[in-house]
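Before any comments, here is the structure.
The values are calculated or read from the model by the stated rules, or taken from the named source; none is laboratory data. Just so we're clear, the structure is a prediction, and the values are computed from it rather than from any experiment. Here Cβ is always computed from backbone atoms with ideal geometry, including for glycine, and neighbour counts include all displayed protein chains.
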Amino acid sequence: MIDFNLPDHVAQQVAMAQMVAEHVMRPKSRFYDESEHDIPWEFVYTMWPQMADQARRDLDAALKPKETNGSSGNGAKRPRTTNLRMIHLIEALSWGDAGMYLTMPSSQLAGAAIQAVGTPEQKERFLRRFTGDTPTWGAMCMTEPQAGSDTSAIRTTAIKDGDEWVLNGTKIFVTSGHKALKDSNGIIVVWATVDPKAGRAGMKPFVVEAGTPGVEILKLEHKLGIRASDTAMIVFDNARIPADHILGNPTVLNSKDHPEGFKGAMKTFDATRPIVAASALGIARAAIDYTKDILKREEGIEIRYNVPRHKLTAAERDVIDMEAMHRAAWLLTMKAAWMMDQGLPNTLESSECKVKAGEAVTKITQKAVETLGPIGYSRDHLVEKWMRDAKINDIFEGTGQINRLVIARRILGYTSKELR
Ligand SMILES: Cc1cc2nc3c(=O)[nH]c(=O)nc-3n(C[C@H](O)[C@H](O)[C@H](O)COP(=O)(O)OP(=O)(O)OC[C@H]3O[C@@H](n4cnc5c(N)ncnc54)[C@H](O)[C@@H]3O)c2cc1C
């Protein structure tokens, strides 16, 4: 039976994250938005011990033989809550500040790719470094100047040369790329083709360590929102990495419409889309909370939930609509995360929650600015910032349009060639 309840110890972690959001992130939110790319060290050091500890537990659990995984000791199976916990934590931290949340030291998208595609030995080798004493970052590079939504168009190549792979190409819009490469222990996962003629089947992920010669950051983007988060352009010029840094199976397999290389990328997105949705909904909740608070303090308007809709003021109806949009998207997000915890395929649900949350946060934050008028538009308050931070959730990890295509294909039974 579907169950979204969190065990007590997880609920406590979420309550802690909400406190960090309120007391560590919020007071610095405007500063890091304006200073752009400065690392919020107070937040990083507050979060790291907890992140490292959790990364250690998650890795140990992932590497345990299947039959013992999740046992409570008395033979009863303990429900897995890794993904439910994750979305609750991210929702709470993004309520604090979505840009700062993205600076949180962790394996980030690199970790999702390694978990999705790596062998147990590779998980141990590459993810153990995120459990140490020093804050460490990971990042993932898929997007290229000519390959965004159409990931099969990537041109970065990986050519085998003896005991090494040689990478050449350009990656753009890499979240935390700068932190991962400047941090001596950091890693990035780079998607490249080992056989350009094989199309999607030739796509493979490679782990590149910070300090690898031939890897250079060309620029950092100046952005509309999530400005605390660094977004890098990275060039690979004959960058040599060890042969065993290719994740998973090095052979190019192509079963008609389900090439193995591309499936690895999609499996990564199945895991990360609910996370993006959760971040979006944290921003949306911040905007709703603030709108209600200001309406109450400045206008004396308290939302009356027990009054028929036609008797409500326009402002009350707007707030209730914002909350309904938020709730619907949050339920979809919890379902997608819960399915992952159950080991169920969640491609459809993952895209559904991403679409709904991306749309909800965009509409909710715009409505908050509109409802609050000058307070919404002024830089003395954070509402205008939340509106700017919102939009990215409808762009990265697959745009709204691309996720709608994924949903349509799943529901109607079309392949990506038949419906594009
Ligand atoms: C701040 C930021 C951080 C990012 N972080 C990362 C990261 O860490 N790693 C990474 O690899 N990438 C990252 N990205 C890249 C992001 O995933 C891409 O921007 C996104 O996938 C869209 O690709 P594109 O920008 O090339 O747009 P395009 O693919 O050129 O799309 C342009 C528009 O056309 C629409 N469109 C395209 N194809 C179709 C279609 N078939 N049907 C209908 N509409 C379509 C799109 O929805 C979009 O609206 C980041 C981007 C940003 C802005």
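Taking first residues from region 219-244 that are within 25 Å of residue 27 (Cβ to Cβ) and in contact (Cβ under 8 Å) with a residue 12 or more places away in the chain and partners that are hydroxyl-bearing (Ser, Thr, Tyr) and more than 9 Å from the ligand (Cβ to nearest atom), the Cβ contacts under 7 Å between residues at least 6 apart in sequence or on separate chains come to 228/32; 228/103; 229/103. Between 355, 406, 383, 361, the distinction of being among the aliphatic types (A, V, I, L, M), touching a His at 6+ places or on another chain (Cβ under 9 Å) and either in contact (Cβ under 8 Å) with a residue 60 or more places away in the chain or within 28 Å of residue 81 (Cα to Cα) (or both) belongs to 361 only. Only a single criterion out of (1) surrounded by fewer than 22 Cβ atoms within 10 Å (Cβ to Cβ); (2) within 19 Å of residue 147 (Cβ to Cβ); (3) out of contact with any Asp or Glu (no Cβ under 8 Å at 6 or more places or on another chain) is not satisfied by residue 237, namely (3).
Per-residue answers, yes or no, for (1) modelled with pLDDT under 90; (2) farther than 30 Å from residue 204 by Cβ:
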position: 19; (1), (2): no, yes
position: 24; (1), (2): no, yes
position: 35; (1), (2): no, yes
position: 47; (1), (2): no, yes
position: 56; (1), (2): no, no
position: 62; (1), (2): yes, no
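Residues that are over 26 Å from residue 96 (Cβ atoms) and in contact with an Asp or Glu (Cβ under 7 Å, 6 or more places away or on another chain) within region 302-337 comprise just one, 304.
Looking only at residues that are assigned to a helix (DSSP H, G or I), small (Gly, Ala, Ser) and without any contact (Cβ under 8 Å) to a residue 24 or more places away in the chain in region 289-338, which one is surrounded by the fewest Cβ atoms within 10 Å (Cβ to Cβ)? Once the filter is applied, the top-ranked residue is 314. Exactly one residue out of 350, 378 is touching a residue at least 24 places away in the same chain (Cβ under 8 Å) and polar (S, T, N, Q): that is 350. Listed by position, the helices (runs of 4 or more DSSP H) enclosed by region 355-419 that each have at least 2 residues that are within 11 Å of the ligand (Cβ to nearest atom) and under 23 Å from residue 279 (Cα atoms) are 400-412. The residue list 127, 167 contains one member that is within 16 Å of the ligand (Cβ to nearest atom), out of contact with any Cys (no Cβ under 8 Å at 6 or more places or on another chain) and in contact (Cβ under 8 Å) with a residue 12 or more places away in the chain, which is 167. State yes or no: is residue 224 within 16 Å of the ligand (Cβ to nearest atom), assigned to a loop (DSSP other than H, G, I, E, B) and modelled with pLDDT of 95 or more? Judged against the criteria, residue 224 is a match.
Scan region 199-216 and give yes if some residue there is surrounded by fewer than 17 Cβ atoms within 10 Å (Cβ to Cβ), within 14 Å of the ligand (Cβ to nearest atom) and either assigned to a loop (DSSP other than H, G, I, E, B) or at pLDDT below 95 (or both), otherwise no. So far as region 199-216 goes, no, none of its residues is surrounded by fewer than 17 Cβ atoms within 10 Å (Cβ to Cβ), within 14 Å of the ligand (Cβ to nearest atom) and either assigned to a loop (DSSP other than H, G, I, E, B) or at pLDDT below 95 (or both). Is one or more of the residues making up region 253-270 outside the structural domain of residue 194 (by TED's automatic domain parsing) and among the β-branched types (Val, Ile, Thr)? Within region 253-270 (the criterion being outside the structural domain of residue 194 (by TED's automatic domain parsing) and among the β-branched types (Val, Ile, Thr)), the answer is yes, since at least one residue qualifies. Residue by residue through region 147-161, note down the ones that are free of Cβ contacts under 8 Å to residues at least 60 places away in the same chain, more than 8 Å from the ligand (Cβ to nearest atom) and outside any helix (DSSP H, G or I). 154, 155, 157, 159, listed by residue number. Taken as a whole, the structure leaves residue 291 outside the set of residues that are β-branched (Val, Ile, Thr), within 20 Å of the chain's Cα centre (by Cα) and farther than 25 Å from residue 42 by Cα. Screening residue 345 with (1) more than 13 Å from the ligand (Cβ to nearest atom); (2) surrounded by 15 or more Cβ atoms within 10 Å (Cβ to Cβ) gives one miss only, at (2). Selection of region 133-144 for residues being assigned to a loop (DSSP other than H, G, I, E, B) and within 8 Å of the ligand (Cβ to nearest atom) yields 142, 143. Once region 392-418 is narrowed to residues that are among the charged types (D, E, K, R) and buried (at least 18 other Cβ atoms within 10 Å of the Cβ), the residue that is nearest to the chain's Cα centre (by Cα) is 397.
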